[in-house]
Every structure is written in structure tokens, then in C-alpha cells.
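The values are calculated or read from the model by the stated rules, or taken from the named source; none is laboratory data. Keep in mind that what you see is a predicted model, and the values were worked out from it rather than measured. Counting neighbours? That spans all protein chains shown, and the Cβs are built from the backbone with ideal geometry, glycine included. Note: accessible area is taken over every heavy atom of the protein model, side chains too, but ligands, DNA and RNA are not part of it. Shrake-Rupley method; radii C 1.70, N 1.55, O 1.52, S 1.80 Å.
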Amino acid sequence: MSITKKSIGKSVSDRLELSSLDAEIFVNFFIKILKKNLNEGKKIKLIGFGTFSCFDTPQRIGRNPKTKKTYIIERRTKVKLEISNKLKRYLN
């Protein structure tokens, strides 16, 4: 099962007794804040949940396993989530 912005919005709406429109606005605003701060190179720590941070993957050579043709995979910036110990204990 995938978690989408819509499913997060519905969950926020149900738990906080907000309208679905207000919950959608809240989720979109939260994601916008995350993106802005991560693009600036900042870490975002949510107590009891985890820490979001960015890291760069280097340029590398990829290969299509079917055709064996090689190509270059460009450098990318990815988001990493380090889960807190509290959340790990809850999930286990």
C-alpha cells in the first residue's frame, strides 16, 4: 500500500476534525516547508519520528540488463530519512 498526499490529508482530516480542504492545505504547506529547507541544505528533525536530510549521489555508469547497453546516470540529490529510536521501538 502506498501512502499518498491524499491519504495523509484524509488521515489528518479525520484525526484533527478538519475539513478535507484544510487538511490538504496543511499537508501541501508542510511539504513545501520540507522542500525549501532541504534545498537550503538544512536537516529537519521531527522529535519522535526522525530526521530528514539530503545527500548527493555521484554520476555513474548504468546498464540495461536486457540489451546490455551502457549509459550515464547523472548526479542526483536524494532525501534520506533516519528513523528515530522511539519510532523503531513502536514499529517493532
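Is the range 3-43 rounded, prolate or oblate when judged by the Cα gyration tensor, a ≥ b ≥ c being the square roots of its eigenvalues, rounded requiring a/c under 1.5 and prolate requiring a/b larger than b/c? In terms of gyration-tensor shape, prolate. Between the listed residues Asn92, Pro65, Cys54, the Cα displaced farthest toward the positive end of the dipole of the range 39-92, a dipole computed from Cβ unit charges relative to the Cα centre, is found at Pro65.
Of the solvent-accessible surface of the chain, computed with a 1.4 Å probe over protein heavy atoms with every protein chain present, carbon and sulfur atoms account for 57 percent. As a length-normalised measure over Cα pairs under 8 Å and 6 or more apart, the relative contact order of the chain settles at 20 percent.
In order along the range 64-80, the phi-based Karplus estimate (6.51 cos²θ - 1.76 cosθ + 1.60, θ = phi - 60°) of 3J(HN,Hα) comes to 6, x, 7, 9, 6, 7, 9, 8, 9, 9, 5, 5, 9, 9, 10, 9, 10 Hz; Gly and Pro are listed as x.
For the range 40-52, 3J(HN,Hα) computed residue by residue from phi via the Karplus equation (6.51, -1.76, 1.60; θ = phi - 60°) reads 7, x, 8, 9, 10, 10, 10, 4, x, 10, x, 10, 8 Hz, glycine and proline entered as x.
Heavy-atom accessible surface of the chain, averaged per residue, reaches 90 Å², computed with a 1.4 Å probe.
Under a no-solvent Debye model with one identical scatterer per Cα of the chain, what's log10 I(q)/I(0) at q = 0.19 Å⁻¹? Taken in order of the listed q values, log10 I(q)/I(0) reads -1.03.
Take Thr4: with every protein chain present and a 1.4 Å probe, its accessible area is about 70 Å².
Helix 5-16 and the long axis of the chain differ in direction by around 20°, with both axes built from C-alpha atoms.
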